[in-house]
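Okay, so here's the structure we're looking at.
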Amino acid sequence: MKKYLYLAYLSIKNYTYYIKDFLLSRFFLVFVLIIFSFIYKTLLAGKESFASFTLPMLLYYLAITESIEMSKVLVHNKITNEIKDGSVAYQLLRPISYISYHISSAIGEIFVKQFITMTIGFLCAYIIYGFKTINFLFVLASFPIIYGAILLNLSFIILIGMFAFYIEETSPIYWIYQKFIFIVGGLFVPLEFFPKIVLKIFKYFPFTYMNYFAAKMSVMFNLKEYLVGFSIQILYICLVLSLAAFLFSNGMKRVSIQGG
Amino acid sequence: MNDLKTEKIVEVKNLTKQFVKEKKAVDNISFTIDKGEILGFIGPNGAGKSTTIKMLSGILTATEGYISVLGYNPSKDRKKLARQIGTVFGQKSQLWMHLPPIETFKLLGVLYDIDKKILNNRIEKFIELFELKQILNNQVRKLSLGERIKCEIAASLIHNPKVLFLDEPTIGLDVVIKKVIRDLILKMNKEENVTILLTSHDIQDIEKLCDRVIIINNGKIVFENSMKFLKYNFLGKKIISVKTENQIEIKDIEGINVLKQKDYSAKIEIDTKINSIKDIIDYIVENNTIMDITIDDIPLEEVISEIYNQSKNKE
């Protein structure tokens, strides 16, 4: 366990070397939140709420989904490059599993990014609508599923990275994955904004249990949904990582790592 | 299973690796490495050197053949073997680019479960031995190639490996830094009694470091003998390139072969068994006004073709 924690710690240290760059990039979030506060206003067309979501709830919802989205580490690119330039050789010669190495060395950075991004998002939402509009105990209670969402997201990105053992470029797969997150994952609006039948279908996709589920529970807590969703998250994480491990062990047999 | 008393640290028998149907990257090679030995593995690009190292370290699985490193089967026991071997791939980096090298050293200490006190002692030792004090806290990406390679070698030795695989560690380095790196490798071999397999394009690396040499070409071993034997039989020739201010003048002397000559420059091959380099340079300097002069080894490809010719003549 010590080695995984140390890797996470080092990834934070590695990331915070460029903290100014990071903070600068978060300004984009402020811009997004302001724009969407207007869009949501138009969408609700003078009504107090839509599908039980009020304007402040929607803005806090967006602050959470964006904090997850903007904190991603593109591990699939790292894996693809490692395989292309052969530096995967070093990682394979460590007494630690290749997948665990990448999870640990990404997770520290993701947590720091997510926490700072969410804080900035909440500050913006507070300035626009005030603190009392959502229950922060719900946000606190939702941290396990926010981290569950982050881990599920990371598992998928690692799974995509494992395709680098089979194909030259993994970015097209990631591109498709990202589009699913945007639509099925409820990045900009809760899935309740879609027709009921669509919501029913979307609930069968793992993407629903990332941004949407974590943000919805934070602003509209429901214990039963929370427990069911959290269990589904864990199930999907195990499933996706098992598939990644399978692709890795098969991929290792065909990896060539040519050249000096 | 893991009998370290045995002299043979590495045993390879009839090893073959085939990536594509038409060509074998490594073709039925066999060799051994003794404890504490430095074995040179040389050959041109694409000869199969790196592929062999990757099979020995367990990253690649052999198509055919037997490998034993410290009693382990590398492809089956990759993780166990990883604790006992160190690797440096000259063209790749194991250091965290945005952090100072000390951070990677500490991380490797944790990954290899090294006791904190022992780790600190080893880091101190390498700081002194490799003269890392000035660069230890600089970001890796800001280090020169030579400084980075020093750190790469130190990183690969942090966990006190019994065998070190060095895959072209001096590639891209200038002459001065190459010498520093060679001295370090020799020091580590003597002080830690670490067994070393070194691959290189550079005959000088092998000449200065290795007890025994294997030359590999097109996946096959074309030469295996002591460094002394290789030096006496195949590395007796040097190439002098000279540029002069005057029309160049070179007499027909025994042991000299003029490879190329223009008005103000010439390339001469010298057989050092017949003439000493000093005598030839003295002669050139006395009879010409020198603008530039360099001495090189004969290219590796030429050594290989000479080895082929000699073996054909014997047949």
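In table form, for the structure just shown:
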item	result
Any hit, the range B:234-247, residues being within 30 Å of B:Asn28 (Cβ to Cβ) and at pLDDT below 80	yes
Where B:Val110 falls short, out of the listed (1) farther than 18 Å from A:Ser11 by Cα; (2) facing another protein chain (nearest Cβ under 8 Å); (3) β-branched (Val, Ile, Thr)	(1)
Single match in A:Leu29, A:Leu33, A:Leu7, A:Leu58 (criterion: buried (at least 20 other Cβ atoms within 10 Å of the Cβ) and within 14 Å of chain B (Cβ to nearest Cβ))	A:Leu7
Lone qualifier among A:Phe230, A:Phe248 - being over 30 Å from B:Gly90 (Cα atoms) and either modelled with pLDDT of 95 or more or surrounded by 18 or more Cβ atoms within 10 Å (Cβ to Cβ) (or both)	A:Phe230
Flag for B:Lys80 being assigned to a helix (DSSP H, G or I), facing chain A (nearest Cβ under 10 Å) and surrounded by fewer than 19 Cβ atoms within 10 Å (Cβ to Cβ)	yes
Residue satisfying condition, being of a type outside the set (Val, Ile, Thr), at pLDDT below 95 and within 19 Å of the chain's Cα centre (by Cα), within set B:Lys92, B:Lys8, B:Lys79	B:Lys92
Considering residues of the range B:18-36 that are open to solvent by less than 20 Å² (accessible area, probe 1.4 Å) and not aliphatic (A, V, I, L, M) only, the residue farthest from the other protein chains (Cβ to nearest Cβ)	B:Gly36
Selected residue [within 24 Å of B:Leu111 (Cβ to Cβ) and away from every other protein chain (no Cβ under 14 Å)] from A:Ile107, A:Ile83, A:Ile134	A:Ile107
Residue check for B:Arg141: farther than 21 Å from A:Tyr18 by Cβ and either in a helix (DSSP H, G or I) or not assigned by TED's automatic domain parsing to the domain that holds B:Phe165 (or both)	no
Test: residue in the range B:153-167 that is over 25 Å from B:Glu192 (Cα atoms), buried (at least 18 other Cβ atoms within 10 Å of the Cβ), in the same structural domain as B:Gly86 (by TED's automatic domain parsing) and of a type outside the set (Ser, Thr, Tyr)	no
Test result for B:Asp174, open to solvent by 30 Å² or more (accessible area, probe 1.4 Å), among the charged types (D, E, K, R) and more than 26 Å from B:Gln84 (Cβ to Cβ)	yes
Sole residue being in contact (Cβ under 8 Å) with a residue 60 or more places away in the chain and within 14 Å of another protein chain (Cβ to nearest Cβ), chosen from A:Asn250, A:Asn211	A:Asn250
Verdict on B:Ile171 being in contact with a His (Cβ under 8 Å, 6 or more places away or on another chain), in contact (Cβ under 8 Å) with a residue 12 or more places away in the chain and not charged (D, E, K, R)	yes
Residue list for the range B:51-77, filter: open to solvent by less than 10 Å² (accessible area, probe 1.4 Å) and facing chain A (nearest Cβ under 7 Å)	B:Lys54, B:Ser57, B:Ile59, B:Leu60
Top-ranked residue in the range B:83-99 [being assigned to a loop (DSSP other than H, G, I, E, B), out of contact with any Pro (no Cβ under 6 Å at 6 or more places or on another chain) and facing another protein chain (nearest Cβ under 8 Å); ranked as most open to solvent (accessible area, probe 1.4 Å)]	B:Gln91
In the range A:88-98, the residues that are open to solvent by 20 Å² or more (accessible area, probe 1.4 Å) and part of a helix (DSSP H, G or I)	A:Gln91
Matching strands (runs of 3 or more DSSP E) fully within the range B:179-288 where at least 1 residues are surrounded by fewer than 17 Cβ atoms within 10 Å (Cβ to Cβ)	B:220-226, B:237-244, B:256-261, B:265-271
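Let's see how each residue does on (1) open to solvent by 50 Å² or more (accessible area, probe 1.4 Å); (2) assigned to a helix (DSSP H, G or I); (3) of a type in the set (A, V, I, L, M, F, W, C):
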position	(1), (2), (3)
A:Leu140	yes, yes, yes
A:Phe156	no, yes, yes
A:Ala164	no, yes, yes
A:Leu187	no, no, yes
A:Leu199	no, yes, yes
A:Ser218	no, yes, no
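The values are calculated or read from the model by the stated rules, or taken from the named source; none is laboratory data. Not measured: the values here are computed from a predicted model. Neighbour counts run over all protein chains shown; Cβ positions are idealised from the backbone, glycine included. The protein model used for the area step is the full one, side chains on, heavy atoms only, and it has no ligands, DNA or RNA in it. Shrake-Rupley method; radii C 1.70, N 1.55, O 1.52, S 1.80 Å.
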